[in-house]
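Where a number appears in this text, it was derived from the coordinates with a stated rule and is not lab data. It should be emphasised that the depicted structure is a prediction, and the values quoted were computed from it without experimental measurement. Cβ placement follows ideal geometry from the backbone for every residue including glycine, while neighbour counts extend to all protein chains displayed.
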Amino acid sequence: MVLVSWRRRTIISATCLGMLAGLFLAAPRAEASGGSEVAARPGGRRGLRGDAARGRRGRAGGRAGPTAVIARSEFEETYLQWNMFYKRSLLATSSGTQEGAKVPMSQSRERWYALLNAYHEGPPPEFAEDERWQADLAAITGYLHVAEWQLHAGRMKESHESLERVRWIWLDIRERNGVRWSGDELTRYHAVMEPVVKWGTGAERGGVTAENIAEFEAEFAKLLDAWRHLAQQRPPRGNMRRFQFGMQQEAAALRELQEILADRWYPDIPEAAKQVKSAFTMLFMGFG
């Protein structure tokens with residue numbers, strides 16, 4: 001099944017959209033497959049097609065081999081339970097409805113207090129020497145409370161921004177204790193990607209025009225550098241085929257936007273920028 005945009009004549013894989021919806025609705029997670037295909041733009045280069053669109057020959061491509069199962073600690077399991085609902089809250093406050101966001105937000109709060117009660121006084125071994133541990137957990141608790149209050153007040157954007165601050169605190173906790181977490185690399189990439197997407201979609205700075213495209217291309221070049229850095233990092237534990245699929249989708253979206261910019265085909269820029277965010281969201285929901 002494919003969806004065809006009448007504005008861009010772009011054919012988008014429904015598999016990708018279905019995965020994102022499934023994550024938001026807490027449906028059982030199925031292994032991802034499929035790709036995207038982009039028709040030729042008038043007067044420009046052809047878009048990505050077939051294997052190139054799916055990124056099979058890209059850095060993240062190739063067949064996934066057997067993955068060793070590594071036992072997680074009790075803290076990791078507790079953290080992952082909370083993190084799952086935290087990410088759903090992020091997604092719901094960004095692109096969902098107020099009522100729809102209340103469920104994952106309350107579930108996130110419940111899991112957070114389970115973590116807090118278990119580890120506030122006695123942190124896990126990897127954070128045992130961290131003098132800021134309790135202060136940072138208190139800060140996270142505060143942001144989660146504020147985010148939930150903002151959500152109930154109908155301030156969805158502010159609620160999302162409060163939630164965003166939480167993952168930066170966790171990044172700082174892990175970084176100063178020498179703990180690697182794949183989601184932190186995605187957080188760093190997101191910090192570079194988000195301004196480019198907002199500009200490209202027209203949400204900020206009036207969109208991309210002939211007058212500011214050179215400046216936009218400079219920011220996009222920084223995004224490509226951030227992507228190369230992300231692609232060079234050690235893959236996370238988990239479903240490698242799903243991770244590779246997510247990386248392929250993001251790579252294809254970036255290449256498509258790069259070609260559109262080279263062609264100066266302005267009508268396609270907003271949708272291409274939106275696809276960069278959509279592909280990243282799928283990747284982050286699975287591995288952030």
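Here are the numbers for this structure:
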quantity: Relative contact order for segment 74-176, counting Cα pairs under 8 Å that sit 6 or more residues apart, in percent; calculated: 28 percent
quantity: Average silhouette area of segment 74-176, convex hull of alpha-carbon atoms, in square nanometres; calculated: 5.8 nm²
quantity: Dipole of segment 74-176 [Lys/Arg +1, Asp/Glu -1 at C-beta], most positive-end residue of Trp133, Met105, Met84; calculated: Met105
quantity: Ala210 versus Glu76: modelled label distance in nm, points set 7 Å from Cα along the beta carbon direction; calculated: 5.6 nm
quantity: Listed peptides 112-123, 160-171, 74-85 by packing density, highest first (mean Cβ within 10 Å); calculated: 160-171, 74-85, 112-123
quantity: Separation in nanometres of the label points that stand 7 Å from Cα toward Cβ, at Glu129 and Glu110; calculated: 3.8 nm
quantity: Computed magnitude of the charge dipole of segment 74-176 (debye, nearest 20; Cβ of K, R +1, Cβ of D, E -1); calculated: 560 debye
quantity: Highest average packing first - 209-221, 136-148, Cβ atoms within 10 Å; calculated: 136-148, 209-221
